[in-house]
Each structure stands twice: as C-alpha cells, then as structure tokens.
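The values are calculated or read from the model by the stated rules, or taken from the named source; none is laboratory data. The shown structure was predicted, so the numbers you read here are calculated from the model rather than taken from an experiment. Here the Cβ positions follow ideal geometry from the backbone for every residue, glycine too, while neighbour counts run over all protein chains shown.
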Amino acid sequence: MSFLDYDFMQRALIAAVLTGLAAPAVGTYLVQRRLALLGDGLGHVALTGVAIGLLTGWAPVWTSVAVAILGALAIDYVRAKGRASADVALAMLFYGGIAGGVLITGLAGSTAATLNTYLFGSITTVSQDDLWVVAVLAAVVIALAVGLAPQLFAVCQDEEFARVSGLPVRLYSMLIAVMAAVTVTVAMRTVGLLLVSALMVVPVATAQQLTRSFRTTFALAMVLGVVPSLGGVVFSYYVDVAPGASIVVGSLIGFVLAWPAGSLLRRRRARRSVNGEDPRVTGAHVPTERHPHQHDPECGHPTVEHGDHTDYLHDGHLHAAHDRHYDEH
Amino acid sequence: MRSAVVDVRGLRVDLDDRPVLHGVDLQVVEGEVVTLLGANGSGKSTLVRTVVGLVPSVAGEVRLFGTPLRSFHDWWRVGYVPQRTTAAGGVPATVREVVAAGRLARRKLFRPARKADRAAVDHAIELVGLSDQANRSVANLSGGQQQRVLIARAAASEPDLMVLDEPNAGVDKRSQEAFARALRTFVASGRTVLLVLHEMGPLAPLVDRGVVLDGGHVVHDGPLPTPSMTLTGPPDHHDDHREDYGAGLFG
C-alpha cells in the first residue's frame with residue numbers, strides 16, 4: 001500500500017483514528033442529552049478561532065481550541081439559565097462565529113482556499129506539531145469520556161436526578177461542553193469544522209439502531225467513527241476531494257445499511273419480551289421458596305401490618321402466612 | 001421522640017417572580033409516610049422540589065435529617081423520583097444502567113462499581129419487579145414499567161428518605177400495585193417517605209398523614225380517611241385472617 005509511505009498520510013491516518021474515536025465518544029453524551037447540534041455550533045465558533053490564528057500568526061490549533069472552549073462555556077451558561085431567548089442567543093453566537101471567521105480571515109489576507117482546508121479538512125496539512133496537539137487533546141477527551149462514564153451518563157440521562165444525587169451537575173455540564181469544543185479542534189484537520197458534528201452524531205445514530213444498552217452504543221459508535229474516518233482519508237488520497245466530505249458520506253452509508261437491520265432486530269425483540277413481569281410485585285399468588293422456620297412474633301423478623309394480617313420482613317421480602325407456606329407480599 | 005427527617009419552616013418560594021408557596025411548614029418524622037395532596041398549581045410539586053434542593057427558596061428554612069439544605073451533603077440518604085413520563089434519554093440504556101445511576105451518590109470517582117454496589121442495584125430492580133427486564137432498553141418498556149425503573153433508581157442508593165413526585169401519574173394498575181408493594185417493603189424497614197399524589201389509589205392504606213395544599217398554603221395536615229381496602233385492592237384469599245401481631249409497630 002503505497003500511501004503509507006508518505007509521512008503526511010501517516011499523520012493524517014493517526015489524526016483520523018483519534019478523531020474517529022473522540023468525536024463519537026463525546027457525541028454519545030451530546031445525543032443522550034439531546035444536544036446533537038452543539039458540535040455544529042462549536043464548529044462555527046471555532047472558525048473565528050482559526051481566523052484569529054491566521055491573523056496573528058499563532059498556531060490555529062491553539063487559537064481555535066481557546067475560542068471554541070469560550071464558546072462552549074457561553075453556550076452552557078445560556079442553557080443553564082434556561083431563558084426563553086436562549087435559542088436565539090445560541091443562533092446568534094453561531095452566525096457570529098462563522099461571519100467573524102470569514103471576516104478575520106479576509107483581514108489576515110488569507111484566501112478562501114485556506115479557509116476551506118479548515119472547514120472540510122485536508123489530508124496534506126496535518127503538521128507534526130499539529131499531530132502532537134491533536135493526540136494529547138484526543139487522549140484526554142477519550143480518557144474523560146470513558147473514565148467519567150457513570151457520572152456523565154447520569155447527568156445526561158436526567159439532570160435533576162443527578163443533582164439530587166449530589167453530583168456537581170454544572171461542572172459536568174461544562175465539562176461535556178468543553179470536551180465537545182476540544183473535539184472540534186481535534187477533528188478540524190480531518191473532517192473539518194463544518195462537518196465535525198456529523199462525526200459526533202451519525203455513528204451514534206447508527207449504533208443505536210443495533211444496541212439496547214448505553215455501554216454498547218458508546219463502544220460501537222467509536223468503532224463506527226474510526227472506520228469511515230480511515231476510509232475517508234484513504235479515499236481522499238486517491239480521489240482529490242476534501243476528506244470531511246468522504247468521511248461523512250461514508251458514515252451516512254453505514255447508517256443507511258444499519259437501519260433495516262435495526263428495525264428487524266427491534267421487531268424480534270419486541271415479540272420475545274411481552275410478559276416478563278415478576279408476579280411477586282403484581283399481586284399474583286407466589287409461594288416463597290422453602291422456608292427454614294415458622295414466622296412468629298419472636299422470630300426476630302420485623303412485622304408489618306398488611307390489611308387484616310401480618311407480614312414478616314424477611315431479607316427484603318414480605319412474607320405472609322398462607323395455609324402451610326408463606327406468600328411473597 | 002423520633003427525629004425529624006424533613007423539616008420545613010416558613011418556606012416561601014417564587015417561580016418567575018410569582019409567589020408559589022407562602023410560608024409553608026412541613027415536618028416529616030422518621031418512619032412516617034406523608035403525602036402531599038392538592039389541585040394542579042397548588043404548589044405541592046414545588047414544595048418537594050424545594051425540599052430536595054432543585055428550586056431555591058426566597059425565605060424560610062429547609063432541613064434534611066437535621067442539617068440545613070445548604071450544608072447537606074449526604075445525598076445518598078435521599079432517593080428522589082422526579083415527575084417524568086419516560087425514563088429514556090436520547091441514547092438507548094438498559095434498566096440496569098439507569099438504576100445504577102442511582103448508586104452514584106455512594107460511589108467514588110474513577111472507581112469501578114463494587115460488589116455491594118451491584119448487589120444494591122440488583123436488589124432495587126427486584127424490589128420493583130423488573131429483574132427479568134434488567135437488560136432490556138428502558139425505551140421499550142411501558143410507561144408504568146419506566147416509572148418503576150425511576151423508583152428503583154431512587155432506591156439504589158439505599159436511602160433513608162424517599163421523595164416521590166406523582167409516581168402514579170398515568171401509570172397502569174399493575175404498575176401501581178407493584179409500586180405500592182415496593183413502597184410497603186421500603187417503609188417496613190423503618191424508612192421515611194414523602195410523596196406527591198394526585199389521587200391516593202392503592203397507596204391509601206400506607207399513608208400516615210396527608211398534607212393538603214391550596215394556592216401555596218397548607219390547608220390540612222393530619223390523618224386522611226382510609227377506605228376499607230388492602231394495599232392491592234379488595235381483600236382476597238391471599239389476605240390470611242390471623243391476629244395482628246405487630247399492630248402499631250410501624251403505625
């Protein structure tokens with residue numbers, strides 16, 4: 001395979017793997033929280049960061065990560081305030097991000113072609129320095145997404161319940177926003193700022209066609225992120241198109257293929273599991289398993305009034321005398 | 001004397017600058033089952049949401065287990081069941097995964113779940129009768145079963161106080177009964193329950209005291225008339241007629 005002989009392709013492929021893992025990992029939490037479009041907005045905002053880099057001569061990877069994080073914190077703040085106008089405020093932030101990006105790029109004297117490499121990715125532009133930054137950031141994002149999975153799951157599943165559990169919900173909420181912002185920067189060189197959101201959302205959507213647990217959705221989404229990322233970069237080597245486009249089209253093809261399989265799977269599962277209720281809690285007659293002793297007021301098990309008889313609290317179950325055995329009550 | 005688990009004094013709460021609760025007092029002592037009743041908009045939901053710290057108060061004080069809410073940190077002692085129509089999020093999750101989220105108050109960061117954690121989650125699922133569904137996606141369960149998942153999640157931290165916000169709203173009879181049984185088992189071990197109800201249903205015999213709210217004021221605080229029903233409907237052949245040995249023990 002000749003493309004592996006090129007240094008730029010090696011770097012592009014490494015960046016693709018990191019992006020393909022990090023984007024769906026964060027994306028799973030965004031989708032769970034029903035914030036699928038957050039990545040899109042952050043991509044717009046990060047563009048202003050790139051432009052600032054072009055204007056000042058600082059590395060765009062740093063300026064974009066800084067601006068994207070600021071944008072993420074602003075979005076999270078507006079969301080937490082929960083005002084009715086939050087929707088419009090966010091929209092304006094997104095427009096401002098892309099307009100500011102184009103404006104400042106123009107001031108910096110850069111061309112639309114330069115901007116395009118950030119918007120849709122470019123396999124030839126991943127420098128050695130970029131790769132280091134991308135690798136460290138992606139590793140941190142993936143480590144947090146996996147290591148804090150129980151906490152992030154709880155916050156994204158039910159924010160109010162998480163707060164009553166004593167979790168620092170605002171902190172985790174900001175963390176997710178910042179992780180998304182960092183991922184946007186990680187993905188900037190491969191899939192590009194305008195299409196990064198697709199790599200956060202589409203693999204998750206594909207995975208959940210086939211899964212029923214969060215854990216497998218999370219893992220499968222990461223696999224489904226890496227495959228089109230690598231494929232897209234290789235495709236862009238042979239056919240001169242922006243890698244962002246081929247990566248996203250690739251992952252959408254995955255979704256289209258998974259969809260019929262998913263609906264078949266769901267129908268089969270639905271048929272299999274209609275009546276699996278535990279009769280103990282639905283009132284049917286359930287004798288307890290063999291019982292070592294006769295419950296009486298001296299047996300040491302707490303007693304509970306139940307209508308016109310007494311139940312005994314035994315190992316988390318309530319036992320009621322019935323003929324010569326005990327019923328679970 | 002049994003100690004106060006929930007102690008609310010002179011509570012005033014505004015939502016969007018509109019007063020919702022005007023100087024409400026509410027005490028719930030250890031082992032008690034207290035239900036809040038009232039019409040829509042009477043402030044009963046706001047009251048429990050303030051008690052668990054989700055809504056800020058304008059005036060007055062809330063204490064949980066004797067500690068002012070501001071400095072209360074033992075959140076594992078509180079099992080909260082929010083008012084929800086679904087337990088599902090944007091991504092599939094199994095019953096076990098959702099219930100395990102309720103155990104986080106007892107877990108440390110970056111540590112895997114211990115044996116005791118897994119056992120508590122299993123037990124909570126069993127409590128609401130969903131053991132056979134533990135690995136199913138919550139989105140595929142009925143509304144009543146999803147409500148039971150939320151109750152199991154609250155029970156997973158093995159709390160001393162359960163706070164439930166309309167757990168029976170739109171729930172089928174079978175799940176209501178399952179819920180009543182789960183709650184009975186919970187109360188039987190001497191723990192405390194504060195719940196908001198629209199109508200008493202099969203829970204009536206379980207409730208020690210009713211607090212009725214109207215327009216943000218407490219208008220009744222005391223025992224409620226109990227219909228002659230057992231917990232799960234009219235007496236049937238399961239309800240063995242024996243002497244009431246433990247009368248008054250949990251009353």
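Of the residues making up the range A:187-205, just one is within 15 Å of the chain's Cα centre (by Cα) and more than 15 Å from A:Ala221 (Cα to Cα), namely A:Ala187. Which pairs do you get when a residue that is at positive phi, found in the range A:115-127, comes within reach of a residue that is outside any helix (DSSP H, G or I) and crowded, with 19+ Cβ neighbours inside 10 Å, reach meaning Cβ atoms under 7 angstrom, with the pair 6+ apart or on two chains? As it stands, the answer is A:Gly121/A:Arg189; A:Gly121/A:Thr190; A:Gly121/A:Val191; A:Gly121/A:Gly192; A:Gly121/A:Ala242, since those pairs meet every condition given. None of A:Val191, A:Val241, A:Val233, A:Val204 is out of contact with any strand residue (DSSP E or B) (no Cβ under 7 Å at 6 or more places or on another chain), assigned to a helix (DSSP H, G or I), away from chain B (no Cβ under 14 Å) and among the β-branched types (Val, Ile, Thr) except A:Val233.
Looking at B:Leu54, is it among the hydrophobic types (A, V, I, L, M, F, W, C) and assigned to a loop (DSSP other than H, G, I, E, B)?
Numbers: among the hydrophobic types (A, V, I, L, M, F, W, C): yes; assigned to a loop (DSSP other than H, G, I, E, B): yes.
Taking the combined requirement at face value, the residue satisfies it.
Within the range A:148-179, being under 16 Å from B:Val78 (Cα atoms) and among the hydroxyl-bearing types (Ser, Thr, Tyr) holds for one residue alone: A:Ser165.
A quick yes/no check of all residues on (1) free of Cβ contacts under 8 Å to residues at least 24 places away in the same chain; (2) β-branched (Val, Ile, Thr):
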residue: B:Thr50; (1), (2): no, yes
residue: B:Leu69; (1), (2): yes, no
residue: B:Trp75; (1), (2): no, no
residue: B:Val98; (1), (2): no, yes
residue: B:Ala116; (1), (2): yes, no
residue: B:Ala119; (1), (2): yes, no
residue: B:Asn135; (1), (2): no, no
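Would a scan of the range B:162-182 turn up a residue that is hydroxyl-bearing (Ser, Thr, Tyr), out of contact with any Pro (no Cβ under 7 Å at 6 or more places or on another chain) and under 18 Å from B:Arg84 (Cβ atoms)? Yes: one or more hits.
Checked against the criterion of being under 30 Å from A:Val239 (Cβ atoms), surrounded by fewer than 18 Cβ atoms within 10 Å (Cβ to Cβ) and in contact with a Ser or Thr (Cβ under 8 Å, 6 or more places away or on another chain), the candidates A:Thr111, A:Thr190, A:Thr125, A:Thr185 yield just one match: A:Thr125. Among the residues examined, A:Gln32 does not qualify as assigned by TED's automatic domain parsing to the domain that holds A:Ala245 and farther than 27 Å from A:Leu152 by Cα.
For residues in the range A:244-274 being away from chain B (no Cβ under 14 Å), of a type outside the set (A, V, I, L, M) and surrounded by 13 or more Cβ atoms within 10 Å (Cβ to Cβ), which is nearest to B:Gly143 (Cα to Cα)? Break it down stepwise before answering.
In the first step, residues of the range A:244-274 are kept if they are away from chain B (no Cβ under 14 Å); the result is A:244-257, A:259-261, A:264.
Retained after the next criterion (residues that are of a type outside the set (A, V, I, L, M)): A:244, A:246, A:250-251, A:254-255, A:259-260.
So of that shortlist, the ones also surrounded by 13 or more Cβ atoms within 10 Å (Cβ to Cβ) come out as A:244, A:246, A:250-251, A:254-255, A:259.
Values: A:Gly244: 41, A:Ser246: 42, A:Gly250: 37, A:Ser251: 34, A:Gly254: 32, A:Phe255: 29, A:Trp259: 26 Å.
Ranking the qualifying residues of the range A:244-274, first place goes to A:Trp259.
For the range B:164-186, the set of residues classified as aliphatic (A, V, I, L, M) and more than 8 Å from chain A (Cβ to nearest Cβ) consists of B:Leu164, B:Ala169, B:Val171, B:Ala180, B:Leu183, listed by residue number. Kindly indicate the residue of the range B:76-100 that is surrounded by fewer than 24 Cβ atoms within 10 Å (Cβ to Cβ) and among the hydrophobic types (A, V, I, L, M, F, W, C) and also nearest to B:Val6 (Cα to Cα) among those meeting that condition. Filtering the range B:76-100 for residues that are surrounded by fewer than 24 Cβ atoms within 10 Å (Cβ to Cβ) and among the hydrophobic types (A, V, I, L, M, F, W, C), the one nearest to B:Val6 (Cα to Cα) comes out as B:Trp76. Just one of the listed residues (B:Ala105, B:Ala88) is touching a Pro at 6+ places or on another chain (Cβ under 9 Å) and modelled with pLDDT under 95, namely B:Ala105.
Does B:Val149 fit the bill of being closer than 25 Å to B:Leu47 by Cβ, more than 10 Å from every other protein chain (Cβ to nearest Cβ) and modelled with pLDDT under 90?
Values: closer than 25 Å to B:Leu47 by Cβ: yes; more than 10 Å from every other protein chain (Cβ to nearest Cβ): yes; modelled with pLDDT under 90: no.
Considered against the rule, which asks whether it is closer than 25 Å to B:Leu47 by Cβ, more than 10 Å from every other protein chain (Cβ to nearest Cβ) and modelled with pLDDT under 90, B:Val149 comes out as no.
Can you name the residue in the range B:131-140 that is surrounded by 23 or more Cβ atoms within 10 Å (Cβ to Cβ) and at the interface with chain A (Cβ under 7 Å from one of its Cβ atoms) and, of all such residues, is farthest from B:Thr185 (Cα to Cα)? Out of the qualifying residues, it is B:Ser137.
B:Glu61 meets all of the listed conditions (1) touching a strand residue (DSSP E or B) at 6+ places or on another chain (Cβ under 7 Å); (2) not in a strand (DSSP E or B) but one, namely (2).
Find the residue count for the range B:1-41, including only residues that are of a type in the set (S, T, N, Q) and under 17 Å from B:Leu69 (Cα atoms). I'd like the intermediate steps shown before the answer.
So in the range B:1-41, the residues of a type in the set (S, T, N, Q) come out as B:3, B:27, B:35, B:40.
Then drop every residue that is not under 17 Å from B:Leu69 (Cα atoms), which leaves B:3, B:27.
Result for the range B:1-41: 2.
On the stretch given as the range B:61-75, residues that are crowded, with 17+ Cβ neighbours inside 10 Å, of a type outside the set (Lys, Arg) and in contact with a Leu (Cβ under 8 Å, 6 or more places away or on another chain) total 4.
In this entry, A:Ser110 is excluded by the filter for residues that are out of contact with any Cys (no Cβ under 6 Å at 6 or more places or on another chain), assigned by TED's automatic domain parsing to the domain that holds A:Pro243 and touching a residue at least 60 places away in the same chain (Cβ under 8 Å).
Only one of the listed residues (B:Gly90, B:Gly79) is under 24 Å from A:Arg33 (Cβ atoms), of a type in the set (Gly, Ala, Ser) and assigned to a strand (DSSP E or B). That residue is B:Gly79. When restricted to residues that are within 13 Å of another protein chain (Cβ to nearest Cβ) and in contact (Cβ under 8 Å) with a residue 40 or more places away in the chain, the range B:195-206 contains 1.
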